[in-house]
Amino acid sequence: MTLVPSPRNTGLDRARAVAVVAMVMGHTLDAVLSDAVRNRAGVQAYWSLRAVTAPLFLFVAGWAFSLTVQRTGAQGRAVLRRYLPRVGLLLGWGYLLRWPGWGLPALYAGDLKVWQHFLAFDALHGVGAALLVGAGVLAVLRGRAARMAALATLVVLVPLVSPWVREAVGGGAWPLVLEQALAGRTSAFPLFPWLAYFLAGCFTGLGLGLLERVPAWMGLMGAGTAVLVLMTLWGGKPTVSDATLVAWRLGLLLVVAGVAMLLPSRMDPWMGPVGRASLWVYIVHIPIAYGWSSFPGLAYRMGRSQELLPALGLAVGVLVVSLGLALPAKRLYGSWRVRGRDGEVSLAPLPLPAVAAAPLAPEPPTSSCGATPSLPGAAPSPRP
C-alpha cells in the first residue's frame, strides 16, 4: 500500500516564508543603503524591528524540526540517524559560504583574523548546531511532556549562562573553532545565546499540538503579548542582559509568527514553496548581497550608496533572483531524493505473505538565516 504524508502545516509555511523574505530584504538593505538614509527616523524604527528577523528564522526552523519529529513519532537513535546528516549539511554550507578566497595566502599562513572570519558562526551554522542540540534532547527523552520540560529549561538557561560562556572562552585557551561556535566575538550567531530561539521554536512546535480549542495564531500572539507585557511591567530593558534581550525578542517574534499565520490562504500556493525552500533561498542570496570567496557582492560593488527607493528595488530584485534559483534547485534535489528511494521496500505486518510496500513519499528537508567587506568578495557576517 502507498503511505500518504500528512497535510502541510500551512501556518508554519507562512511563518517560514515571512522569515526568509524579511531576512533577504534586510540583508540587501544592509548592504547598499546609505548612511544618511539609515539615520532617518522611519528607517531607524525599521532597523529596530529588523532585529527580530534572525531570531524568527531560527525559531521557525526549530518549530519545523520538533513538529516533524512529533508527527513521525521518531525516538532514540532514529532521531539522530535522520538529522545528523542535515547537521553536517548545514555546517558544511555555512563554512563554504565563509570561504576566504580573497585571503588564501594569509589563511594558509595561519593569520588569526582570516581564520576568525572563516570559522565565525552565521545563521546556517547556528541552525545546524542548534539542530544537533535539539535532536539530542528529543532523542534522549520520550513523550511530549518530558521534551517540553527540558526544552523550556534550556530556553531559560542558555541566555542566563551566556555571559559566563563568553568569559570562559574569551581567555583564548579554547580551540578557535569552539570559541567561534560558542561565543565568538566575530560570530554573528554564536550558540550562546542564539540557541535559545531555536529551542523556543522546538517548544512551540510541541506545545501548539496541545491547543484544541484555541487557534494556533491566537496561542502565539497571546504568549508573545504576555511576554512583552511582563517585560514592560518589570522594566527589564533589552540592553540590560542576554536574558532580557532574548525575552523581548521572543515576545516580538511570537507576535510576528502569529500575524504571519493569519495571512490569507490564497497566498499559500506562493508562500508554501518559499517557506519550505528557506534554506535554499538563504544560501543563494548571501553571495549576491555580501559576496563569496573572491566574488564581490553588492556590499562591495555598490557599498552604502543607495537612497531608499533604489535600495528597496535592489532588495526586491535580489529576492526574485534568489527565489528563481533556489526553488528549481530544491525541486531538483527533491527529484534526486525520490530516485534514491525508488528501491526502498517494507514488509506489511499481515498474517498473509509479505507484500512489498510502495516507496515512502519523501518529506522536504527542514530549513533552517554585515559589515561592508574590506576586500573584494569577502562575505562578512550578516547583521542579525
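The values are calculated or read from the model by the stated rules, or taken from the named source; none is laboratory data. Since the model is a prediction, treat every value here as computed from it, not as a measurement. So basically every Cβ, Gly included, is an ideal-geometry build from the backbone, and we count neighbours across all protein chains shown.
If you go through segment 194-216 and keep only what is assigned to a helix (DSSP H, G or I) and over 20 Å from the mean Cα position of the chain (by Cα), you end up with Gly209, Leu210, Ala216.
Only residues that are assigned to a helix (DSSP H, G or I), at pLDDT below 95 and among the charged types (D, E, K, R) were counted in segment 227-271, giving 3. Within segment 25-62, if we keep just the residues that are of a type in the set (A, V, I, L, M, F, W, C) and not in a helix (DSSP H, G or I), the residue that is farthest from the chain's Cα centre (by Cα) turns out to be Leu33.
Kindly indicate the residue of segment 25-52 that is polar (S, T, N, Q) and surrounded by fewer than 24 Cβ atoms within 10 Å (Cβ to Cβ) and also nearest to Leu199 (Cα to Cα) among those meeting that condition. It would help to see each step written out before you state the result.
Keep residues of segment 25-52 that are polar (S, T, N, Q), which gives 28, 34, 39, 44, 48.
Those left that are additionally surrounded by fewer than 24 Cβ atoms within 10 Å (Cβ to Cβ): 34, 39, 44, 48.
Details: Ser34: 36, Asn39: 34, Gln44: 29, Ser48: 23 Å.
Ranking the candidates gives Ser48 first.
For segment 63-77, a residue qualifies if it is part of a loop (DSSP other than H, G, I, E, B) and surrounded by fewer than 17 Cβ atoms within 10 Å (Cβ to Cβ), and the qualifying residues are Gly73, Gln75, Gly76. If you go through segment 284-316 and keep only what is part of a helix (DSSP H, G or I) and under 30 Å from Trp115 (Cβ atoms), you end up with Val284, His285, Ile286, Pro287, Ile288, Ala289, Tyr290, Leu298, Ala299, Tyr300, Arg301. All conditions in (1) within 18 Å of Ser241 (Cβ to Cβ); (2) more than 20 Å from the chain's Cα centre (by Cα); (3) surrounded by 15 or more Cβ atoms within 10 Å (Cβ to Cβ) hold for Val155, with the sole exception of (2). Just one of the listed residues (Thr68, Thr53) is of a type outside the set (A, V, I, L, M, F, W, C) and under 28 Å from Leu312 (Cβ atoms), and it is Thr53. When segment 245-275 is filtered for residues that are within 18 Å of Met25 (Cα to Cα) and buried (at least 21 other Cβ atoms within 10 Å of the Cβ), the ones remaining, listed by number, are Leu253, Val256, Ala257, Ala260, Met271, Val274, Gly275.
Looking at Leu80, Leu58, Leu89, which is the one that is in contact with a Gly (Cβ under 8 Å, 6 or more places away or on another chain), closer than 16 Å to Tyr282 by Cα, surrounded by fewer than 20 Cβ atoms within 10 Å (Cβ to Cβ) and of a type outside the set (Lys, Arg)? On inspection, the qualifying residue turns out to be Leu89. Just to be sure before I move on: is Thr153 out of contact with any helix residue (DSSP H, G or I) (no Cβ under 6 Å at 6 or more places or on another chain) and among the hydroxyl-bearing types (Ser, Thr, Tyr) in the structure I sent? Yes; evaluated as a whole, the condition is true for this residue.
Within segment 218-237, can you find the residues that are over 29 Å from Gly275 (Cα atoms) and not aromatic (Phe, Trp, Tyr)?
Hits for segment 218-237 are Val229, Leu230, Met231, Thr232, Leu233, Gly235, Gly236, Lys237.
Taken over segment 158-193, the criterion of being surrounded by 17 or more Cβ atoms within 10 Å (Cβ to Cβ), among the aromatic types (Phe, Trp, Tyr) and in a helix (DSSP H, G or I) is satisfied by Phe192 alone.
When every residue of segment 261-281 is checked against the conditions, at least one turns out to be closer than 30 Å to Leu230 by Cβ, out of contact with any Leu (no Cβ under 8 Å at 6 or more places or on another chain) and of a type outside the set (S, T, N, Q). Just to be sure before I move on: is Leu319 under 30 Å from Pro215 (Cβ atoms) and not in a helix (DSSP H, G or I) in the structure I sent? In short, no.
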